[in-house]
Amino acid sequence: MSTASIQTKEYGTVVRERHSVRHYDSSVKISKEELTELLAEASLAPSSSNTQSWRFLVIDDEAAKQKLLPIANNQNQVVEAAATIVVLGDLDGYKEIGRINDIAVQAGYMPEDFAKQFTENSLRLYSSLPPEKLKSIVQIDGGLVSMQIMLGAKARGYDTVPMGGFNPAKLIEEFKIPSNLVPVMLIAVGKAATPGRLTARLPIEDVTFWNGFDK
Ligand SMILES: Cc1cc2nc3c(=O)[nH]c(=O)nc-3n(C[C@H](O)[C@H](O)[C@H](O)COP(=O)(O)O)c2cc1C
């Protein structure tokens, strides 16, 4: 295992210490190897029928960061942070289900006849879904993997900020994003120059309901 894989923080610490960071030490770079490991770990997230419809566009070179800046409403974190990960949802991602199930068969996770049936059923189901339903599915999957990117980064000693403040049409145009890919969010990753500010949460009792709303 490379040193980049070593995580020292407990989940309880990671989840409590993660705060959105908007000022980064621009001298700190994260290697392609480590970013790839971070994404591979994040990809252990659950997804609809294990379709893994997320796709990642990693922006870590200066020219690409400068191109992203106005698209991201001039939020400076996209140039200061080591990288910004554009999390995308692939509307055609379900078409990989056969390959995914084949890998599961090879690994001994799934019997071959089950995989065949599962693939056929999934392809039939997903190809019949209305576009807005498919879009909602890939956005949910993209949200789950995004959270894992942020916690994984924190566990490695980095900080992040998720961003919905960007122009999706411009992003698609400028970075030549294929039409099957829907932007979910941007995530800046890097070393904090200034800690993220603390944010309040509603009391959990006010947002949790047990066994129905009719009590
Ligand atoms: C979908 C989404 C979009 C967000 N967009 C932005 C953004 O464009 N810029 C920004 O600075 N923060 C953005 N945030 C960060 C939130 O403001 C932040 O998560 C929230 O205030 C709670 O703070 P915390 O992340 O430090 O716990 C976004 C968060 C989410 C989940």
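The values are calculated or read from the model by the stated rules, or taken from the named source; none is laboratory data. Quantities reported herein were computed from a predicted structural model and do not represent experimental measurements. In this analysis, Cβ positions are derived from the backbone assuming ideal geometry, glycine residues included, and neighbour counts consider all displayed protein chains. The accessibility values were calculated without ligands, DNA or RNA, using every heavy atom of the protein model including side chains. Shrake-Rupley method; radii C 1.70, N 1.55, O 1.52, S 1.80 Å.
Just one of the listed residues (Val145, Val86) is outside any loop (DSSP other than H, G, I, E, B), open to solvent by less than 20 Å² (accessible area, probe 1.4 Å), under 24 Å from Arg22 (Cα atoms) and touching a Pro at 6+ places or on another chain (Cβ under 7 Å), namely Val86. For segment 169-196, a residue qualifies if it is in a helix (DSSP H, G or I) and within 15 Å of Asp90 (Cβ to Cβ), and exactly one does: Ile172.
Counting the residues of segment 19-30 that are open to solvent by 50 Å² or more (accessible area, probe 1.4 Å) and either among the small types (Gly, Ala, Ser) or touching a helix residue (DSSP H, G or I) at 6+ places or on another chain (Cβ under 8 Å) (or both) gives 5. Restricting attention to segment 43-63, does a residue exist that is at pLDDT 95 or above, among the aromatic types (Phe, Trp, Tyr) and within 16 Å of the ligand (Cβ to nearest atom)? Yes, that holds for at least one residue. Looking at Ile187, Ile100, Ile172, just one residue is open to solvent by less than 70 Å² (accessible area, probe 1.4 Å), within 30 Å of Ser27 (Cα to Cα) and either over 15 Å from the mean Cα position of the chain (by Cα) or more than 16 Å from the ligand (Cβ to nearest atom) (or both), and that residue is Ile172.
The single condition from (1) touching an Asp or Glu at 6+ places or on another chain (Cβ under 9 Å); (2) touching a residue at least 60 places away in the same chain (Cβ under 8 Å) that Ala115 fails is (2). Gly165 meets all of the listed conditions (1) more than 25 Å from Ser27 (Cα to Cα); (2) touching a residue at least 24 places away in the same chain (Cβ under 8 Å); (3) of a type outside the set (D, E, K, R) but one, namely (1).
When each of Thr199, Thr160, Thr208 is tested for being open to solvent by 30 Å² or more (accessible area, probe 1.4 Å), of a type in the set (Val, Ile, Thr) and within 14 Å of the ligand (Cβ to nearest atom), the lone residue that passes is Thr199. Among residues of segment 58-79 that are under 15 Å from Ser27 (Cβ atoms), those with a beta-carbon under 9 Å from a residue that is away from the ligand (no atom under 12 Å from the Cβ) and open to solvent by 50 Å² or more (accessible area, probe 1.4 Å) at least six positions away or on a different chain give the pairs Asp60/Lys29; Asp60/Lys32; Val79/Ser26; Val79/Glu62; Val79/Gln66.
Among the residues of segment 175-184, those that are touching a residue at least 12 places away in the same chain (Cβ under 8 Å) and more than 11 Å from the ligand (Cβ to nearest atom) comprise Phe175, Ile177, Asn180, Leu181, Val182, Pro183.
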